[in-house]
Amino acid sequence: MARILLYDLETTNLVANIGNILCIGYKWHGEGKPKVLSLRDYPGFKKDPTDDRRLVKDFARIFHEADMQVTWFGTRFDFPYLQSRLLWHGMKPLPEIRHFDGWWVAKKKLKLHSNRLATVQDFLDLPSSKTPLNFRELARSRAGHIPSLKSVERHCYFDVEVLEQAYDKIKSYAGRYHPNLSAITGDLEACPTCGSNKLQRRGFKYAHTRVYRQIHCQECGRWFQSTRCEPYMTAKVV
């Protein structure tokens, strides 16, 4: 079974050569509650509240256990930010594992007024809600103000919780924007989105010279075509 890592960063600036990471919320899909790694967890916090070396090092160990990553706008922000901070500290880069970015799915497959996670949360009426985070708390957390940093950590926790709930709702609509889980697990007959074997054949999908069986996953609802094709005339007669 594929291990799917959901995560979210909270940072002091949108660019990694000026800012640093305050905390990282993460969880394994389908397992327990989110966890948050924070700068204040480390002994050097009081001396230097901007030093995220130990934080990114610990998260890198967790990341190496994952077969797939799930983020929101993570292809443009979270993942390159992590890579940049690792480079800053002279560490080795993270592996380029398969990536599901919910922002791209909202942009390419849905039609909402915004592609933000908060918009999808409201649209789908998800059980959890993102918490507000004001700029004063963010500014104070940069300076090591612990109550403000705790607010940032709480915000990060619920971001990951909402992220998982949104992922479970929209993944079957993602199409090619969802990594092929059947390739990860080695079960090429399984659903590429959820890995289920509860499948139904529903007609054919026609190309110029080939025909592919159209398959509907009874677990997540994803439609996809078979990996094996059939001769055009033979499939049309069936």
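The values are calculated or read from the model by the stated rules, or taken from the named source; none is laboratory data. All of these numbers come straight from a predicted model, not from anything done at the bench. For neighbour counting, all protein chains shown are included, and Cβ atoms are generated from backbone atoms with ideal geometry for every residue, glycine included.
For the reader, a short list of remarks on this structure follows.
- Any hit, the range 19-37, residues being touching an Asp or Glu at 6+ places or on another chain (Cβ under 9 Å), modelled with pLDDT of 95 or more, among the polar types (S, T, N, Q) and assigned to a loop (DSSP other than H, G, I, E, B): yes
- Filtered residues of the range 99-108 (kept if part of a helix (DSSP H, G or I) and surrounded by 14 or more Cβ atoms within 10 Å (Cβ to Cβ)): Gly102, Trp103, Trp104, Val105, Ala106, Lys107
- The number of residues in the range 114-172 being of a type in the set (Lys, Arg), in a helix (DSSP H, G or I), touching a helix residue (DSSP H, G or I) at 6+ places or on another chain (Cβ under 7 Å) and closer than 19 Å to Leu22 by Cβ comes to 1.
- Output for the range 4-26, where each listed residue is closer than 20 Å to Leu149 by Cα and touching a Phe, Trp or Tyr at 6+ places or on another chain (Cβ under 8 Å): Tyr7, Asp8, Leu9, Thr11, Leu14, Ala16, Ile21, Ile24, Gly25, Tyr26
- Filter pass, Leu6 being free of Cβ contacts under 8 Å to residues at least 24 places away in the same chain, assigned to a strand (DSSP E or B) and within 18 Å of the chain's Cα centre (by Cα): no
- Residue check for Lys150: basic (Lys, Arg) and at pLDDT 95 or above: yes
- Residue in the range 152-167 that is free of Cβ contacts under 8 Å to residues at least 60 places away in the same chain, charged (D, E, K, R) and either closer than 19 Å to Leu9 by Cβ or not assigned by TED's automatic domain parsing to the domain that holds Leu39 (or both) present: yes
- Scanning the range 49-98 for residues that are at pLDDT 95 or above, among the acidic types (Asp, Glu) and either outside any helix (DSSP H, G or I) or within 27 Å of Arg116 (Cβ to Cβ) (or both) turns up Asp51, Asp52, Glu65, Asp67, Asp78.
- Whichever residue in the range 173-183 is of a type in the set (A, V, I, L, M, F, W, C) and either buried (at least 19 other Cβ atoms within 10 Å of the Cβ) or not in a helix (DSSP H, G or I) (or both) and, among such residues, is modelled with the highest pLDDT: Ala174
- Test: residue in the range 204-217 that is closer than 30 Å to Gly32 by Cβ and either surrounded by fewer than 21 Cβ atoms within 10 Å (Cβ to Cβ) or of a type in the set (S, T, N, Q) (or both): no
- Looking across the range 99-145 at every residue that is over 19 Å from the mean Cα position of the chain (by Cα) and among the charged types (D, E, K, R), the one that is nearest to Lys47 (Cα to Cα) is identified as Arg142.
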